[in-house]
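Q: One structure, pasted below without further comment.
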Amino acid sequence: MNMKLSVIIVNYNVTQLLRSCLLSLRKYVQDIDYEVIVIDNASADSSWRDLIFEFPNVHFISSSTNGGFAKANNQAVRKAKGEYILLLNPDTEFEGFYMKELLDFADAQPSFGCLGVRMHDAGGNFLPESKRSVPDMFNSFEKLFTNFKKNNSKSYYRNDIEENAIAEVEVITGAFLLAKKEVYEKIGGLDEAYFMYGEDIDLCYTFLRNGYQNFYYGKVSILHHKGESTIKDEVYLNRFYGAMQIFIDKYYKESKPVQYSFLKAGLKLRHQIEKIRLK
């Protein structure tokens, strides 16, 4: 019997969250032949090694350098034996026996790209990045400079799609991203030019550009301890806005010069505003 699923988790200094994530997988992922690969991205906190004994069935990889989120995931995917891969954040937790349902849904799609689920934080609040559009001039302006939420509009966060719906979308989040290993490798995997942030948007867009479909499966949910492993400092800001810059350089610079110059100026301005807020 071929292995159906490889769950891939990149860990960086979040041992306790990773432990909760692994416990939730052990509890809820059943009736599937699967493996879990954890790649530690040169954490300063070595306590993750204690989990090796607690989770003997998990395949742990230790990376000597932190080459970023994209690079670590691609490294783990190369070792994966599953037909499907699930990129999963260590700060997430499964909440039900729904993995088989998701795989059955994916199997039924003739041009399956990737799939994401409904995410909520520890307070039960829905996380809007669960379903998104590809960034363009209009929705990026809305995201960067306004706080208003237009309902029923195909905005950056797809407010026109119900939280609990199953629908085709452009972009889902890399915190929970299910894809076929063969297709993931065929389109080149995550772009390693991104260190952190933006690589999930790029991957989803690459699926679309290659004729695949991406899906939001809002019938099931995961808990995402959002931002608990992120320190909002200048390094974070540089990486976040740097990632957006890589994206627009790659896709808009030559094909959409007007949008490109508008977005570049917008990103720069927003980055400056955020830096001032830190001080």
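Q: For the condition touching a residue at least 60 places away in the same chain (Cβ under 8 Å) and closer than 22 Å to residue 70 by Cα, what is the one hit in 240, 247, 262?
A: Of 240, 247, 262, the one residue that is touching a residue at least 60 places away in the same chain (Cβ under 8 Å) and closer than 22 Å to residue 70 by Cα is 247.
Q: What is the number of the single condition among (1) under 17 Å from the mean Cα position of the chain (by Cα); (2) open to solvent by 20 Å² or more (accessible area, probe 1.4 Å); (3) of a type in the set (Asp, Glu) that residue 199 does not meet?
A: That leaves (2) as the condition not met.
Q: Just give me the residues in the stretch 202-216 being part of a strand (DSSP E or B) and open to solvent by 10 Å² or more (accessible area, probe 1.4 Å), in sequence order.
A: Answer for the stretch 202-216, where residues must be part of a strand (DSSP E or B) and open to solvent by 10 Å² or more (accessible area, probe 1.4 Å): 213, 215.
Q: For residues in the stretch 182-196 being in contact with a helix residue (DSSP H, G or I) (Cβ under 9 Å, 6 or more places away or on another chain) and in a helix (DSSP H, G or I), which is most open to solvent (accessible area, probe 1.4 Å)?
A: Going through the qualifying residues, I end up with 185.
Q: Can you name every residue in the stretch 246-279 that is among the acidic types (Asp, Glu) and surrounded by fewer than 12 Cβ atoms within 10 Å (Cβ to Cβ)?
A: 254
Q: How many of the residues in the stretch 1-46 are on the phi > 0 side of the Ramachandran plot and touching a Ser or Thr at 6+ places or on another chain (Cβ under 8 Å)?
A: 2
Q: For residue 228, are the conditions met, namely being modelled with pLDDT under 95, farther than 20 Å from residue 67 by Cβ, open to solvent by 30 Å² or more (accessible area, probe 1.4 Å) and acidic (Asp, Glu)?
A: Yes.
Q: Continuing with this model, one more query. Confirm whether residue 115 is modelled with pLDDT of 95 or more, over 15 Å from the mean Cα position of the chain (by Cα) and surrounded by 15 or more Cβ atoms within 10 Å (Cβ to Cβ).
A: no
The values are calculated or read from the model by the stated rules, or taken from the named source; none is laboratory data. Note that the structure is predicted; figures quoted are calculated from it, not measured. Here Cβ is always computed from backbone atoms with ideal geometry, including for glycine, and neighbour counts include all displayed protein chains. These area figures cover heavy atoms from the full protein model, side chains too; ligands, DNA and RNA do not enter into them. Shrake-Rupley method; radii C 1.70, N 1.55, O 1.52, S 1.80 Å.
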